Every structure is written in structure tokens, then in C-alpha cells.
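Worksheet for the structure shown next.
The values are calculated or read from the model by the stated rules, or taken from the named source; none is laboratory data. Since the structure is predicted, the reported quantities are computational estimates derived from the model, not experimental observations. Every residue, glycine as well, gets a Cβ built from its backbone with ideal geometry; the counts of neighbours run over all protein chains shown. Quick note on the areas: whole protein, heavy atoms, side chains included, nothing else; ligands and nucleic acids left out. Shrake-Rupley method; radii C 1.70, N 1.55, O 1.52, S 1.80 Å.
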Amino acid sequence: QVQLVESGGGLVQPGGSLRLSCGASGIAFRTYVMGWDRQAPGKQRELVASINSGGSTNYAVSVNGRFTISRDNAKNTVDLKMNGLKDEDTAVYYCNAAAPLTTYWGQGTQVTVSS
């Protein structure tokens with residue numbers, strides 16, 4: 001059974017930082033591209049960042065330079081460090097694991113940026 005379990009969401013003031021973590025089980029972790037999506041109320045889900053097994057990363061333009069994705073292939077975890085948070089970063093953040101024929105998502109963790 002595949003499980004992706006996110007943690008680390010919460011309420012933070014504009015300009016603050018949060019670190020999201022995702023633990024994966026039930027998959028051959030090293031063979032998956034890991035990533036984070038987010039969905040804000042009334043908006044489509046968007047890809048925030050992804051990282052392949054070799055450590056190559058991609059970021060949405062809106063978060064480039066503020067967010068950093070990393071993975072630990074020994075621990076089957078992927079983290080998203082978010083700095084300089086803005087109101088528009090408020091969303092449910094979902095961990096995902098992508099392979100050529102399938103993608104898995106976690107249940108999501110809420111990030112709220114508000115003063």
C-alpha cells in the first residue's frame with residue numbers, strides 16, 4: 001500500500017518560513033520523481049517544485065528563489081523549505097510521487113500565510 005504522509009503545515013506571518021516534510025512508503029522511492037503541488041481556494045492545483053532521484057530540481061516561477069526542495073533517498077523523505085512566504089502562498093500543499101505510468105499524492109497539509 002502506497003502512503004505519502006505530509007507534515008509541517010500551519011499558520012505563519014508574511015515573510016516567515018515553514019518546512020514541509022513528506023514520508024513515503026510502499027514505493028521504490030529512488031525511481032520516483034518527488035514533488036509538491038498546491039491548491040488554493042477557487043484555483044487549480046499547480047506544481048510547486050519537483051526533484052528527481054539524482055537531485056535535479058524544478059520550481060514554479062512564483063516560488064523560485066524562495067522555496068527549496070530536497071530529498072533523502074535513504075529515508076524515503078522529501079522536504080520543501082519555504083522562505084519569504086506571501087499571502088498568495090496560502091494553499092493546501094500535497095506531496096506527490098511520479099513515475100511514467102502513475103502518480104501518487106498525499107492527503108495534503110494546510111499552509112496559511114496571514115498577519
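Tell me whether the stretch 55-78 contains one or more residues that are acidic (Asp, Glu) and in contact (Cβ under 8 Å) with a residue 24 or more places away in the chain. Spell out the reasoning first.
Quick first cut of the stretch 55-78, residues acidic (Asp, Glu) only: 72.
From what is left, the residues that are in contact (Cβ under 8 Å) with a residue 24 or more places away in the chain are none.
Looking through the stretch 55-78, none of the residues is acidic (Asp, Glu) and in contact (Cβ under 8 Å) with a residue 24 or more places away in the chain.
Could you list, in sequence order, the residues of the stretch 82-112 that are open to solvent by 10 Å² or more (accessible area, probe 1.4 Å), of a type outside the set (Gly, Ala, Ser), farther than 12 Å from residue 7 by Cα and in contact with a strand residue (DSSP E or B) (Cβ under 9 Å, 6 or more places away or on another chain)?
83, 86, 87, 88, 90, 96, 103, 104, 105, 112
If residue 75 satisfies every condition in (1) of a type in the set (Lys, Arg); (2) in a strand (DSSP E or B); (3) open to solvent by 70 Å² or more (accessible area, probe 1.4 Å) but one, which is the exception?
For residue 75, the exception is condition (2).
Of these, 44, 13, which one is under 29 Å from residue 115 (Cα atoms) and out of contact with any strand residue (DSSP E or B) (no Cβ under 9 Å at 6 or more places or on another chain)? I'd like the intermediate steps shown before the answer.
Values: 13 fails: out of contact with any strand residue (DSSP E or B) (no Cβ under 9 Å at 6 or more places or on another chain).
The match here is 44.
For residue 7, all conditions in the list (1) hydroxyl-bearing (Ser, Thr, Tyr); (2) open to solvent by 40 Å² or more (accessible area, probe 1.4 Å); (3) without any contact (Cβ under 8 Å) to a residue 60 or more places away in the chain; (4) closer than 27 Å to residue 114 by Cβ hold save one; what is the number of the exception?
Tallying (1) hydroxyl-bearing (Ser, Thr, Tyr); (2) open to solvent by 40 Å² or more (accessible area, probe 1.4 Å); (3) without any contact (Cβ under 8 Å) to a residue 60 or more places away in the chain; (4) closer than 27 Å to residue 114 by Cβ, residue 7 fails exactly one: (3).
Taking the stretch 30-56 on its own, how many of its residues are assigned to a strand (DSSP E or B), open to solvent by 20 Å² or more (accessible area, probe 1.4 Å) and farther than 16 Å from residue 68 by Cβ?
Within the stretch 30-56, residues that are assigned to a strand (DSSP E or B), open to solvent by 20 Å² or more (accessible area, probe 1.4 Å) and farther than 16 Å from residue 68 by Cβ number 3.
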